[in-house]
Amino acid sequence: MDNKKNKLLIYGASGYTGKIIATRAKELNIDFEIAGRDPDKTRRLAEELAVDYHIFDVDTEYAWKKALDGKQVLINAAGPFKFTADQAMKACLKAGVHYLDISAELDTYRLAQSLDREAREAGIQLISGAGLFVSYDALVVYLSKLVAEPEYLKVGFRHYGGFSRGSVLSSKNIADLGTLIRRNGEIIDNPDPKSKMFLFGKEEVECMPTPLGGIILSYKSTGIPNIEEFFSLKLPATELQDLTAENLPDGPTREERAAGRNGISAEITGQDGKVVKAYVDAPSGYDLTPLSVVAVAHRILNADFKVGYQSPGSAYGEDIINDIPDTYLIDNNDYQKNQI
């Protein structure tokens, strides 16, 4: 990697989560620029943060080339990722720039997976799902090492803090997939979807079967052949009939985000029947996602990366959780709140 390429570019920075990501990058004194489609919002944010900016549509190839010049890593925060990931990934491949996004859309993960060879040839790391899945994947990697041959993984995600406009629109792409699981290494429709109780500390919560991303990301990290995922709420797209950007709020306020916490609870069963459980206690979603993706970008900017398609866990293992403030992995055997 060229030593001069030491900057971060955040695309979609003027969006709800993009702003929080850019603010976090500023807090860490990372050298970064922002980019987006909305001229007024992008310019205003650039002035607030005192950083350089680029205004261009995701389909404009020459603008990507200019914006990615001198950059080491891109964070794509412009969802729904169905409409932005392909263009942004391919721009990064051409420019030799590492790619991160905060997608929760399975098709984006599949796209990243399909570009593994190109990413290796370009010498870049390609991670789709480098938001809340960073601590999720770290938890799974940690647990997978506690049994000799991990056979079954079940994960429950308790979300707190409402939904941003982008997440609601993205959730439509998740809901449309139905209830997918991984069975004997293959992704299939769940033939018998049932809710399941998960323990978050001392509180048990009923979670509903929902494909969250671990069926691709955690499979990449661990190779566990049977994976099922569950979510504590109905996806917002299933509750709202008329989904347009105009009739949705930006997202929860800072105070609303701070009023509760996220939880990720996982259990792994080994081939011998041994069951191990642990959970992650983390800030609410729209704080956790920016803290996570900037932690990964920070690693890359310090030359810590693996080329090719990666998941957070395959690139960084379980110790990446130590890079995420106020986030704890708690082993259910002893309930000791210790970062690993």
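The values are calculated or read from the model by the stated rules, or taken from the named source; none is laboratory data. Note that the coordinates shown come from a computational prediction; the quantities given were computed from them, not determined experimentally. FYI the Cβ positions are ideal-geometry reconstructions off the backbone, even for glycines, and counts take in every protein chain you see. Remember, those area values only see protein heavy atoms, side chains included, never the ligands or the DNA or RNA. Shrake-Rupley method; radii C 1.70, N 1.55, O 1.52, S 1.80 Å.
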Which of TYR53, GLY70, PRO80, positive extreme of dipole for segment 38-80 (C-beta unit charges): GLY70
Could I have the simple spin-label model distance between LEU233 and ASP40, label points 7 Å from Cα toward Cβ, reported in nm to one decimal? 2.9 nm
Calculated FRET efficiency, ILE188 and ASP116, Cβ-Cβ r, R0 25 Å, to nearest 0.05? 0.65
Determine which residues of segment 289-306 fall in the zone a paramagnetic label at GLU48 would reach in this model, i.e. backbone nitrogen under 17 Å from the point 7 Å along Cα→Cβ. 290-291
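May I ask you to rank ARG24, ARG43, ARG117 by accessible area, largest first, using a 1.4 Å probe over the protein chains only? Working shown, then result.
Working: ARG24 45, ARG43 90, ARG117 145 Å².
Ranked list, largest accessible area first: ARG117, ARG43, ARG24.
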Normalised by the empirical 2.2 N^0.38 Å for globular proteins, what value does the Cα Rg of segment 37-168 take? 1.22
Using a 1.4 angstrom probe and counting only protein chains, how large is the accessible area of ILE30 in Å², to 10? 20 Å²
Which FRET efficiency, nearest 0.05, do VAL205 and LYS65 yield, Cβ-Cβ r, R0 45 Å? 0.45
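Local charge sum around THR84 (other residues, Cβ-Cβ under 13 Å, Lys/Arg +1, Asp/Glu -1)? List each step's numbers first, then the result.
On the way: positive: ARG37, LYS82, LYS90; negative: ASP57, ASP59, ASP86, ASP101, GLU105, ASP107.
Neighbourhood net charge equals -3.
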In terms of solvent-accessible area of protein heavy atoms at a 1.4 angstrom probe, what is the ranking of HIS298, HIS54, highest value first? HIS298, HIS54
Taking the alpha-carbon centre of each part, the distance from segment 19-40 to segment 89-137 in Å is 20 Å
For the pair THR253 and ASN322, the simple spin-label estimate (label points 7 Å beyond Cα toward Cβ) gives in nm 3.8 nm
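Leaving out ligands, DNA and RNA, what percent of the accessible area of segment 1-89 is carbon and sulfur, probe 1.4 Å? Show your work: numbers first, answer last.
Numbers: 1930 of 4350 Å².
Roughly 44 percent, rounded to a whole number.
Only Lys, Arg, Asp and Glu count, each charged at its Cβ (+1, +1, -1, -1), so figure out the dipole size of segment 2-150 about its Cα centre, rounded to 20 debye. Let's see the in-between values first.
Numbers: 20 positive and 22 negative charges, 42 e Å.
Computed charge dipole of segment 2-150: roughly 200 debye.
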Over the heavy atoms of LYS82, what accessible area does a 1.4 Å probe trace out, to the nearest 10 Å²? 130 Å²
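For MET208, MET89, give the ranking by accessible area with the largest first, probe 1.4 Å. Could the numbers behind the result be given before it?
Details: MET208 70, MET89 0 Å².
Descending order: MET208, MET89.
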Would you tell me the accessible area of ILE187, worked out with a 1.4 angstrom probe on the heavy atoms of the protein chains, in Å² to the nearest 10? 50 Å²
